[in-house]
1. Using only DSSP helix segments of four residues or longer, with each worth -39500 (n - 2.57), what per-residue ellipticity at 222 nm results for chain B after dividing by its residue count and rounding to 500?
2. What nm distance separates the two modelled labels at B:R123 and B:W443, each placed 7 Å from Cα along Cα→Cβ?
3. In segment A:163-194, which residues have a backbone nitrogen under 11 Å from the label point lying 7 Å from A:D53's Cα in the Cα-to-Cβ direction?
4. Could you run the numbers on buried accessible area between B and A, total for both chains, 1.4 angstrom probe, in Å² to the nearest 100?
5. Ordering B:I382, B:I196 by how much accessible area each has at a 1.4 Å probe, largest first, what is the list?
6. Does segment A:84-230 come out rounded, prolate or oblate, given a ≥ b ≥ c as the square roots of the eigenvalues of its C-alpha gyration tensor, rounded meaning a/c under 1.5 and, failing that, prolate meaning a/b above b/c?
7. Taking all protein chains as present, what is the carbon and sulfur share of the accessible area of chain B, in % to the nearest whole number, probe 1.4 Å?
8. For the protein assembly as shown, what proportion of DSSP beta bridges, expressed in % and rounded to the nearest 5, is antiparallel?
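The values are calculated or read from the model by the stated rules, or taken from the named source; none is laboratory data. Bear in mind that the values here come from a model prediction, so they are computed numbers and not experimental data. Positions of Cβ are backbone-derived with ideal geometry, glycine not excepted, and every protein chain shown enters the neighbour counts. Remember, those area values only see protein heavy atoms, side chains included, never the ligands or the DNA or RNA. Shrake-Rupley method; radii C 1.70, N 1.55, O 1.52, S 1.80 Å.
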Amino acid sequence: MKLIPSALLAAALCGSPAMVGAQTANPYDGNQAAMRAGRALYATRCAECHGADAKGISGPDLTMLWALGTDDDFVFRAVRDGVSGSIMPSSSAPDTEVWAMVAYLKGVSTVSPVETDAGDAARGLELFESTCARCHRVNGVGGRLGPDLSRIARVRTRDVMTREIRDPSASVRAGYRAVSLVTEDGLTVRGAVKREDAFSIQVLDTQERLQGYVKETLQEIVSPERSLMPAYGPSQLSDSELDDLLAYLVSLVQADPDRR
Amino acid sequence: MLRRLAAAVVVALASATAEGLVAQAAGGAPATGTTVTYDDILQGLSDPTRWLTYSGDYTGQRHSPLTQINVDNVHRLSPVWTFQTGTMTRGRGFETTPLVVDGVLYVTGSNNLAWALDARTGRPFWQYRRNLPDDLTYGASAPVNRGFGILGDRLFMVTLDAHLLALDRVTGGVLWDVELADYRVGFAATLAPLVIDGKVIVGISGGEYAIRGFVDAYDPETGDRLWRWHSVPSPGEPGSETWPDDPDVLARGGGGTWMNGSYDPELDLIYWGVGNPNPDYYGDDRPGDNLYTNSLVALDAETGELRWHYQFTPHDLHDWDSNHVPVLADIEIGGELRRVVMLANRNGFFYVLDRTTGELLLGTPFSNTTWAREIGPDGRPIILNDGSQGCLPDPWGSTNFYPPSFDPDLELFFLTARETCATFVPEEPEIVPGRSSFGGVVWIDQEQGYSALRALDVRTGELEWEFEYPSPTFAGVTTTASGLVFAGDHEGNFIAFESATGRDLWHYQTGSRIWGAAAMTHMLDGRQYVLIPSGTTLVAFALPEERD
């Protein structure tokens with residue numbers, strides 16, 4: 001890891017530092033050297049809260065910023081000014097360093113749009129409504145037990161979406177891990193764990209009710225390390241059906257590319 | 001109370017007789033005119049209305065003799081007041097331990113705020129706020145403070161811009177202000193000063209920068225420096241053979257001394273932990289053991305000379321600082337009463353050393369670490385996994401600086417253990433003064449981490465009991481003679497356990513993670529209070545008052 005002093009960074013990459021002062025476009029956009037410097041700066045100043053992989057620890061996941069419609073200037077200003085009402089501080093770092101960090105973050109962002117000619121989006125819509133909509137919501141319609149998929153094609157590559165459909169338990173996002181509880185009345189409750197501490201557990205049950213339980217009142221808590229979502233292998237969802245489904249999800253973001 | 005203080009301040013301004021003022025400010029306490037002497041601190045917690053040093057006494061045991069709150073009634077413990085500091089701690093916690101004298105709490109906070117509070121109500125008498133520069137280095141990444149030291153009518157406090165202050169405990173006014181080191185290079189200070197006879201002992205933070213650590217002693221009256229011991233030797237000094245023959249490397253070798261030490265007044269020895277070498281993860285340019293990083297050192301309190309050292313993690317590559325509270329006790333080992341110093345280390349091992357000689361008496365893992373599982377006959381860990389055999393404890397370690405506790409009756413050592421999974425990727429850093437030089441990045445598997453409160457038998461290091469928390473936790477531990485352990489978790493619970501069994505007896509959701517702090521307990525008006533910092537608040541608990 002090389003820590004590049006800001007003056008050197010500016011001189012080496014872009015000429016006069018004055019050129020990058022109040023611009024809204026990132027002068028280092030796509031610049032590999034700047035992205036490496038930005039990565040080093042990120043590691044020392046941001047990773048403690050946002051994680052070494054920028055996927056978030058106490059601070060939010062930054063790999064989805066651009067996918068969610070954010071632009072370079074917005075990220076620059078968030079770093080420069082901090083985020084009001086949060087522990088995200090303002091920064092007095094030189095513009096060159098902030099832009100280098102922005103370039104790095106954009107580079108690790110899951111922004112690449114899914115390119116697909118395969119599949120029929122209309123058939124995919126039918127599949128979605130019959131198979132997915134009970135738990136997943138699109139544009140305000142559908143279930144809430146799983147993540148909202150309205151913009152999923154912006155934040156996931158085709159490969160990742162395929163993996164999450166074929167083997168959803170391989171990696172389960174916080175807030176969606178399955179749990180099965182037996183209450184003191186003998187009632188079995190299944191749902192997704194939203195939060196948990198040593199004494200209590202907060203669940204969205206399969207009937208979409210937010211339920212909090214004190215652990216000592218429960219007969220049993222079974223927390224399988226898996227997703228509530230069943231795996232859709234080729235026998236449940238053929239490759240061509242998968243193409244249709246992905247085409248539908250991609251069509252959602254293509255139809256409204258500017259929506260955040 | 002505030003009116004009474006205001007009147008008192010006028011008196012002080014007019015007559016500058018501070019001693020009478022303290023008594024008036026103490027919420028109706030008799031006008032004893034008390035000041036805190038070295039002998040008072042030496043008495044530890046024998047006066048239960050006081051808590052005069054970070055751990056309660058010089059041993060670092062953080063074990064209170066109080067018994068009003070006990071196993072049978074702790075379930076009735078209730079909040080009495082909450083003090084809102086109004087200051088947030090970016091990425092860290094509210095890590096202080098308040099001191100209490102004559103019904104007045106002296107509390108340091110994040111971002112170098114500090115307060116004197118009425119211990120009955122939590123209402124402030126005064127607030128001190130240091131104007132901090134906007135180019136802090138280490139102090140910007142860890143804007144914390146762990147507490148005051150006290151002597152006479154003076155409070156001692158270190159700052160994020162690496163100064164040591166003496167404050168007037170009646171007014172919060174600054175009496176003297178000395179620079180420990182240049183913060184712009186990477187230094188900061190965060191610990192609670194250790195006050196001994198005629199000396200204020202402090203260490204320094206900033207081991208993630210190209211600094212050279214030290215332990216200092218200052219004159220409480222004048223702020224004059226009495227001695228300095230460097231945690232990384234100069235060229236030619238003993239220990240320098242464990243570094244490359246390069247004065248530049250020694251001059252920036254790291255070795256922060258950022259956590260409180262302990263003191264044995266009979267041996268007149270100070271016990272202090274030393275942190276990681278710099279760069280943290282990249283060691284190719286610093287071959288050797290890198291003494292006295294990752295060590296416990298025993299220093300002559302009079303001169304600051306090194307008496308002995310024990311290095312827990314030679315040539316550290318994982319930021320496993322040894323900045324822990326050393327816990328002193330006299331325990332029977334092999335039919336012989338031994339003066340020992342104990343600590344649970346960030347590297348995952350629990351150690352017992354003879355505190356007169358530094359002889360290793362016990363070194364055994366308290367965590368599931370795969371880094372090493374035993375100490376060899378030469379006193380060095382037998383490394384099984386340098387990271388190539390699977391993940392290692394993360395840079396925060398298998399435990400950390402947050403206080404452990406020791407119950408001498410049960411001979412149990414209590415600590416919050418962290419079980420984590422990290423992959424270290426070292427990269428050569430460019431060394432720039434004022435810029436951190438970790439020397440790589442660390443990938444932490446967020447899904448595998450958890451913590452546990454563990455009770456260890458100090459003769460064997462064996463686990464007596466544990467209580468698991470769902471995520472890695474940074475809360476310290478305090479015990480009482482009534483058989484209680486007060487601990488906490490990352491989810492914000494403040495919890496009381498039965499010391500002997502680990503049974504959880506009571507908990508209170510504070511609303512924010514308990515991070516770096518441990519409870520303090522004291523008597524006031526015949527009532528036992530227990531205080532815990534959490535998030536932006538300090539909360540005081542007691543048993544409900546009996547009402548007619």
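1. Numbers: 5 runs with 36 residues, N = 548.
Helices in chain B give a 222 nm mean residue ellipticity of -1500 deg cm²/dmol.
2. Going from the B:R123 label point to the B:W443 one covers 5.7 nm.
3. A:171-172
4. Working: alone 19530 and 14450 Å², together 31580 Å².
Buried area (both sides, nearest 100 Å²): 2400 Å².
5. On the way: B:I382 70, B:I196 5 Å².
Correct descending sequence by accessible area is B:I382, B:I196.
6. Numbers: a/c = 2.60, a/b = 1.28, b/c = 2.03.
Oblate is the answer for segment A:84-230, as a/c is 1.5 or above yet b/c matches or exceeds a/b.
7. Working: 8700 of 18390 Å².
That fraction is 47 percent.
8. On the way: 148 of 152 bridges.
So the antiparallel bridges in the protein assembly as shown amount to around 95 percent.
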